[in-house]
Structures are given as structure tokens and as C-alpha cells.
Amino acid sequence: MKTIKDILLFSLVASMLVGVQSCLKISSVDPFSGNLNKLSITAVYPSDYTAFARADVKVTVENMNSRDSYVALTNASGIATLTLPNGIYRVSMSDRDGQDIFNGTTEKIHVDGADVSLNLPLAHSKAGTLVIKELYCGGCSKAPYEGPYQSDQYVIIHNNDSEPIYLDSLCVGTLSPYNSTSTNPWITTDPISGEKVYKNFAPIVQAVWSIGGTGKTFPLASGADAVICLRGAIDHTLQYPLSVNLNNSSYFVCYNTNYFPNTVYHPVPGDQIRQDHILDVVIKTGLGNAFTVSLTSPAFLIFKAKGTTMKQFVTIPDNVIPVPGSSVDNVVAIPLDWVIDGVEVFDGRSSANAKRLVTSIDAGYVTQTDIYQGHTLFRNTDETATAEKGYEVLQDTNNSTKDFYERKTQSLHK
């Protein structure tokens, strides 16, 4: 005869077996069943380059909320197909043939409840001769003291060409809006296609800085670098060891006390800085007392005027325009074909990033995960081209997602 103890033990074992069976049944079911759909992406090359549609070109698809990323390769017809869970996606693609670069990016592609077919137009551009090698904007720690430090920003320009390039009249600036998470007043949406519509200019905010010279004063040799100090051209490491020494006779510096008198960010340049390496302020359009490049997520450009000078260009009223919705901020509307190179930075702490640079300048972005870490945004080396040409050649696809990475320490840190 079974005792109460036996009955209870039997019931417990039976319950455990039912639980195991239930778990087995659940695990055998695809958790995404009913929530997977196909996204087919057709690369649309410019009409003059239709023969370039080809297989094995990488297409990247990123969930704009979760940041999950997926990759597929095109077939011989230039079509890539992925099976994705429901979500809102950013799609990008880069292709290159010699000096010809083809980039396409689109955002807010909804995959939800049905298969989606997408035509992705590709913009044509040429590989640059001058490129941005490094953008250090996020600051570092004051250790062994307490607090963050941000007075040591710099950018490095690199000559990717086989011939020397003169830096005379080269301009630098940062795009409006300052941050990738801000509302962008310069972009509208096409009511029919739903695609973003960009202006035919780059809105440079706060100031345009220019290297001086007479045209052939500042040559940059093949594979060489030029450092431009965006803030203090001093040896920051004397007080903060995790920072950098920007007191160097070869470095250029953004320094003008008439326009930017804040000595916290613009101290008197160090004793090694040459007077002719101090950049000119072509125009100031904002009210700040220090030149501001976003700590978290700038879009930064180098450019040069064509057929005129930058000083003449900014005297024309239509070329200096107000920021929509602002009564105090103006921008300089730089023609897109004046832009030599640009890098788009996203804030890694947010899922609300949106692109500001057109595809022909930068089809992607590089993410900066955090600030005050001494991290910097650095361009990859093209190892094959470097070996062939005998000098350092940097990767240049006009797509920062492929070309850049977040480096843990500044390249100038010793």
C-alpha cells in the first residue's frame, strides 16, 4: 500500500517530467517564427556606371534600435538578400573600382510583417588625395587629479597621393548640427519616396579656419601627416599625463583671441609653435568664446575654395545663412564639390543618431563609445597599397564605417 509520502514523491517526479517535456517543446520552436521577413536590396549605380553592378559587394544592415548588425553579399545582378527579425533598419553599401567609389546609405527601413524590396541608389565619388587620418575630440581623464579634460582636441590630415600637396588655403570646420543626436534642420523628407533630402551645401557652423600661405608655402609630402590643434597648442601632459603634447614646431593651431578669447580652451601657444602655423579665422558665425567641436559626435570637414577665395566667398550674403529656428547662429554654405574629406561620428551611448553628411562625402559613420577616455577616431591603413607604393596609404572608401575605428589611445600620446 502506498503511503502519503510515496504519493507526494510520485507527484513531484511527474511534475518535473512535465516541466522537462514543456521545456523541450519550447526550445524546439524557432523564437522568431512568424517574425522573420526578407529584405532584398538592389544596388542602383549611377547611369554611367551600370556595368559595375557585380557580385560579392558587402551590404551592411543595422537595426537602428538594438544596434544589431547583419551583412550580406550581392549576387551577379547587384542584389543582396537577408532574412531579418522585425525592426527599423539602416542600410549601407560601399563599392570601389580603382579611384571610383560608390556609396549608398538609407535609414528607417521598416521590416515588419512582410518582405521588403529596396532600391539603394549609389553616389559616385573619387578617392581623396588629402584625407582625415585622426580626429581626437572626446577628451581624457585628468588623472591623477579628479575630473575630465577637453582642452586638447586635434585633427591629423594625411597625404594619400604619390605627389606632394600644398596645404595653403586648406580650411577646416564642423557641421551643423554639432551632435549626431540633435534635430537636423537641414534635412527634409521626400513626401513620395520617404527618402532624406539633403541640401546642396555643407552647413559649416561657428567658424571657418584656414591655413595661410601664398600657394606653395606648406608642402605635405606623400604619406606625410599634418597635425592641426583645434584647441591648446601646448604640452598638456605636463599637468595631465593621459593627454598629449601639442607643442611642436610642425603643428598648426586654431588660435585667435579676437574671436575666441577663452584661455581655458585657447591658451597662448607653446614656445615651439611657429607664427605662420596659426590658422586664420575666415569668418566667425556664432557667439561662443571658444571654438566648439562636439565631444561626443562631430561631423568634421576639410575643404578648399574653387574659382574664388574663401574670404571673398563669405562676403556674399547668400553664402552665410541663418540656422533654421535660430536667431543667433549662422552657417557658411560650402559647396559640396569643395569638400575634400569628411568624417561622421555617432554617439555610442545613444540609439538616436542620424546622419548629417551626404553619401558622396561619407556614406557611413564611426562610433565613439564614450567621452573623457582618451579614445580617438583613427583611419585604417591600406596595407596592400602601402606595400605597392612604398609610403603609408590610408584606406579611403568615403565610408567611415569601413575606413575608421575607435582607438583606445590618442596616436600622439606618449
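The values are calculated or read from the model by the stated rules, or taken from the named source; none is laboratory data. Worth saying up front: this structure is predicted, and the values here are computed from it rather than measured. Every residue, glycine as well, gets a Cβ built from its backbone with ideal geometry; the counts of neighbours run over all protein chains shown. To get the accessible areas, we keep the full protein, side chains included, count just its heavy atoms, and leave off ligands, DNA and RNA. Shrake-Rupley method; radii C 1.70, N 1.55, O 1.52, S 1.80 Å.
If you add up the charges near residue 76, with Lys and Arg at +1 and Asp and Glu at -1, over every other residue whose beta carbon is less than 12 angstrom from its beta carbon, what do you get?
Result for the neighbourhood of residue 76: 0.
Could you give the size of the charge dipole of segment 169-282 about its Cα centre, using +1 on the Cβ of each K and R and -1 on the Cβ of each D and E, expressed in debye and rounded to the nearest 20?
Roughly 120 debye for segment 169-282.
Could you state the accessible area per residue of the chain in Å², with a 1.4 Å probe and every protein chain left in place?
For the chain, the solvent-accessible area averages 47 Å² per residue.
How large is the convex hull of the C-alpha atoms of the chain per residue, in Å³?
233 Å³
Identify which of 271, 225, 347 has the largest mean-square fluctuation in a Gaussian network model of the chain, with springs joining Cα atoms closer than 10 Å.
271
Per residue, what volume in Å³ does the Cα convex hull of segment 327-384 take up? Please list the in-between numbers first.
Working: hull volume 9.5 nm³, N = 58.
It is 164 Å³ per residue.
Rounded to the nearest Å, what's the spacing between the alpha carbon centres of segment 126-180 and segment 316-357? Just the number, please.
16 Å
Over segment 230-280, how many percent of alpha carbon pairs lie in each 5 Å bin up to the one with the longest distance?
Reading upward from the zero bin: 5, 23, 32, 24, 12, 4, 0.
Using alpha carbons only, how many angstrom separate the centre of segment 59-112 from the centre of segment 239-314?
The distance from the Cα centre of segment 59-112 to that of segment 239-314 comes to 37 Å.
Across the Cα atoms of segment 136-220, what radius of gyration and what greatest pairwise Cα-Cα distance (Dmax) are found, in Å?
18.8, 57
On a 0 to 90 degree scale, rounded to 10, what angle separates helix 4-27 from the longest Cα axis of the chain?
Approximately 50 degrees, to the nearest ten.
Which whole-number percent is the relative contact order of the chain (Cα, under 8 Å, 6+ apart)? Write down the numbers at each step before the final one.
Numbers: 980 pairs, mean separation 68.4, N = 414.
RCO, the chain: 17 percent.
Could you pull out which residues in segment 40-72 have an amide N less than 20 Å from a spot 7 Å beyond the Cα of residue 195, following the Cα-Cβ vector?
40-54, 58-62
Please report the relative contact order for segment 101-223, taking Cα pairs under 8 Å with a sequence separation of at least 6, and give it as a percent rounded to a whole number. Before the final figure, lay out each step's value.
Details: 162 pairs, mean separation 30.9, N = 123.
In percent, rounded to a whole number, it is 25.
Between 160, 399, 256, find the one with the highest GNM mean-square fluctuation for the chain; connect C-alpha pairs within less than 10 Å.
256
According to the Kirkwood expression over distinct Cα-Cα pairs, how big is the hydrodynamic radius of segment 270-399, in Å?
Evaluated over segment 270-399, this radius sits at 17.8 Å.
Can you give the calculated 222 nm mean residue ellipticity of the chain, where each DSSP H run of n ≥ 4 adds -39,500 (n - 2.57) and the sum is split over every residue, rounded to the nearest 500 deg cm²/dmol?
That calculation yields -2500 deg cm²/dmol at 222 nm.
At 7 Å along the Cα-to-beta-carbon direction for both residue 326 and residue 264, put a label point, then send me their distance in nm to one decimal.
2.0 nm
Just tell me which lysines come within less than 28 Å, Cα to Cα, of residue 306; anything on the same chain fewer than 8 places away is out.
Filter leaves 126, 133, 196, 199, 216, 284, 355.
Quote the Stokes-Einstein diffusion coefficient, in whole µm² s⁻¹, for segment 80-174, based on the Kirkwood radius over alpha carbon pairs, a temperature of 20 °C and a viscosity of 1.002 mPa s.
118 µm²/s
Roughly how big is the chain's charge dipole about its Cα centre, with Cβ charges of +1 (Lys, Arg) and -1 (Asp, Glu), in debye to the nearest 20?
800 debye
Based only on Cα atoms, what Rg/Rh ratio does segment 187-332 have, Rh being taken as Kirkwood's radius?
1.01
Specify which residue in the list 350, 40, 314 is farthest towards the positive end of the charge dipole of the chain, using unit charges on the beta carbon of Lys, Arg (+1) and Asp, Glu (-1), about the Cα centre.
350
Using the basic label-point model (7 angstrom from Cα toward the beta carbon), what is the residue 214 to residue 276 distance in nanometres?
It is 0.8 nm.
Highest GNM mean-square fluctuation, the chain, Cα pairs closer than 10 Å: which of 273, 192, 156?
Highest fluctuation among the options: 192.
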